[in-house]
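Chemist: Structure provided below as structure tokens; questions to follow.
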Amino acid sequence: MRSVPPRPTEPIRAMWDTARGPEPLQPGAILLSWKPGRDGGMDVTARLGLAATTVVLATWPSLNGDWTPIVHPTLYEVTGLHAALTVATDALHLANHLAAS
């Protein structure tokens, strides 16, 4: 995933990936994986790609039915925070470059 819709009622657009393992993810990419859980629900895990590693962002056990409204707030906030940190990092690199010139 590279984007999350602004409204939780909209579907989360995802691209299927047949990779065997969750790593490595590109920085800012979110990988959703799910497997059957207890009580007939799905155990959903979100992983976030960072510059040096991939981290577990969240785990939602035993979700039933349409789980988009449940995972949406976390995914939406994290994509926004990652975008803000990317802009801040780029600005810092530019400021350091200009100061060195």
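Chemist: In region 30-42, is there at least one residue being in contact with a helix residue (DSSP H, G or I) (Cβ under 8 Å, 6 or more places away or on another chain) and open to solvent by less than 70 Å² (accessible area, probe 1.4 Å)?
Modeler: yes
Chemist: Still on this structure, I have one more. Test LEU85 against the criterion of being under 15 Å from SER3 (Cα atoms) and either open to solvent by 40 Å² or more (accessible area, probe 1.4 Å) or under 14 Å from the mean Cα position of the chain (by Cα) (or both), and give yes or no.
Modeler: no
Chemist: Can you find a residue that is part of a strand (DSSP E or B) and open to solvent by less than 70 Å² (accessible area, probe 1.4 Å) anywhere in region 62-77?
Modeler: yes
Chemist: On to the next question. Restricting attention to region 35-68, which residues are free of Cβ contacts under 8 Å to residues at least 24 places away in the same chain and under 24 Å from PRO8 (Cα atoms)?
Modeler: LYS35, PRO36, GLY41, ASP43, THR45, VAL55, VAL56, ALA58, THR59, TRP60, GLY65, ASP66
Chemist: Out of curiosity, is LEU92 in a helix (DSSP H, G or I), within 19 Å of PRO8 (Cβ to Cβ) and at pLDDT 85 or above?
Modeler: no
Chemist: What's the number of the only condition in (1) open to solvent by less than 50 Å² (accessible area, probe 1.4 Å); (2) modelled with pLDDT of 85 or more; (3) not aliphatic (A, V, I, L, M) that GLY21 fails to meet?
Modeler: With (1) open to solvent by less than 50 Å² (accessible area, probe 1.4 Å); (2) modelled with pLDDT of 85 or more; (3) not aliphatic (A, V, I, L, M) applied to GLY21, the lone miss is (2).
The values are calculated or read from the model by the stated rules, or taken from the named source; none is laboratory data. The shown structure was predicted, so the numbers you read here are calculated from the model rather than taken from an experiment. So basically every Cβ, Gly included, is an ideal-geometry build from the backbone, and we count neighbours across all protein chains shown. These accessible areas exclude ligands, DNA and RNA; they are computed on the full protein's heavy atoms, side chains included. Shrake-Rupley method; radii C 1.70, N 1.55, O 1.52, S 1.80 Å.
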